[in-house]
Amino acid sequence: MGKKKGGGSLGRAIIRDKNQAGRNLRKTDCWLHTSELNDGYNWGRLNLQSVTEQSTLDEFLATAELAGTEFVAEKLNVKIISAEDRSGLLTTEESKKIKKLQEENKQFLCIPRRPYWDENTAAEELQQAERESFLEWRRQLVQLEEGWNLILTPFERNLDFWRQLWRVIERSDIIVQIVDARNPLLFRCEDLECYVKEIQKEKDNMILLNKADLLTLEQRRAWARYFDKEGIRVVFWSATAEGKRLDAEAKVTYEWKFF
């Protein structure tokens, strides 16, 4: 795919703004929004390759690995049976039925929780507890799919990604969800907000509505009123507008250096 022209992403805008601020501010050890966790992990060496889709065989082997099961290969004794792929568009009636089932089983459609741990928990013990808890979460989702014929959207199957999320929540005072302003409820994860409060009630949730420049003023006001009633802090953001602002500042700085 070709490089998108004319607009910077939200991530790029934040990084560039942080880098510019870093040139003017001396780094100190007083970072009130984070804290160090002694949980026995080398977080710089985790396997952070996202896995949202797996074949039947890959999923079986990944589940077996989480359960600590080992296999011995036997030649000419292999038979792979693939499940039938679901294809085609759902009818209106099927969509309503699935939505109803999703609402009825909403308590099971949640993000995995990190098992309890403290400074006395050994690293190996914590890792084993995390694998077992994550495996049980995966099994519940499979039961929902098979027992209720639910169609789940792709979800992250790499445990290390969830470990990163757990760590961010535990270290941070404010958790920000970045959603598309054109349909924020589609991307908002209410269970994440609940989990943040489960970890510590004093932690705050915030929703950042990106691409806010695509909304009218009245639409932004309507969403602001909605999230205010929900008790959630909301911020409107335009990565495109911010990218243009940073580009303009960089251009002025460049011209000042040479003139």
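The values are calculated or read from the model by the stated rules, or taken from the named source; none is laboratory data. Owing to the predicted nature of the structure, the values given are computational and were not obtained by experimental measurement. With ideal geometry, Cβ positions are generated from the backbone for all residues, glycine too; neighbour counts draw on all protein chains shown.
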(message) Just to verify a result, which residue in the range 177-200, among those that are outside any helix (DSSP H, G or I) and touching a residue at least 40 places away in the same chain (Cβ under 8 Å), is nearest to Arg114 (Cα to Cα)?
(response) Cys189
(request) Return the total of residues in the range 93-105 being within 15 Å of Glu145 (Cβ to Cβ) and within 25 Å of the chain's Cα centre (by Cα). (result) 5
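Suppose the filter is over 18 Å from the mean Cα position of the chain (by Cα) and crowded, with 16+ Cβ neighbours inside 10 Å; does Leu135 pass it?
Criteria met by Leu135.
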(request) Kindly indicate whether Leu150 is more than 28 Å from Asp204 (Cα to Cα), surrounded by 14 or more Cβ atoms within 10 Å (Cβ to Cβ) and touching a residue at least 40 places away in the same chain (Cβ under 8 Å). (result) yes
(message) Scan the range 107-126 and tell me whether some residue there is touching a residue at least 12 places away in the same chain (Cβ under 8 Å), under 28 Å from Val235 (Cα atoms) and either assigned to a helix (DSSP H, G or I) or among the charged types (D, E, K, R) (or both).
(response) yes
(request) Please indicate, with yes or no, whether at least one residue in the range 205-223 is in contact (Cβ under 8 Å) with a residue 12 or more places away in the chain, closer than 28 Å to Arg138 by Cα and buried (at least 16 other Cβ atoms within 10 Å of the Cβ). (result) yes
(request) Please work out which residue is nearest to Gln128 (Cα to Cα), limiting yourself to the range 99-115 and to residues that are of a type in the set (D, E, K, R) and at pLDDT below 85. (result) Lys106
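Give the residue that is nearest to Arg182 (Cα to Cα), with candidates limited to residues of the range 201-255 that are among the hydroxyl-bearing types (Ser, Thr, Tyr) and not in a helix (DSSP H, G or I). Break it down stepwise before answering.
Of the residues in the range 201-255, the ones among the hydroxyl-bearing types (Ser, Thr, Tyr) are 216, 226, 238, 240, 253-254.
With not in a helix (DSSP H, G or I) added as a condition, the list becomes 216, 238.
Numbers: Thr216: 10, Ser238: 12 Å.
Among them, the one singled out is Thr216.
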(request) Any chance you could count how many residues in the range 140-171 are over 15 Å from the mean Cα position of the chain (by Cα) and modelled with pLDDT of 90 or more? (result) 1
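Taking the residues in the range 153-170 that are β-branched (Val, Ile, Thr) and surrounded by fewer than 17 Cβ atoms within 10 Å (Cβ to Cβ) as candidates, determine which candidate is nearest to Glu94 (Cα to Cα). Show your work before the answer.
Within the range 153-170, the first condition is being β-branched (Val, Ile, Thr), and the residues that meet it are 153, 168-169.
Narrowing the set further to residues that are surrounded by fewer than 17 Cβ atoms within 10 Å (Cβ to Cβ) leaves 153, 168.
Working: Thr153: 16, Val168: 38 Å.
Restricting to residues being β-branched (Val, Ile, Thr) and surrounded by fewer than 17 Cβ atoms within 10 Å (Cβ to Cβ), the top hit is Thr153.
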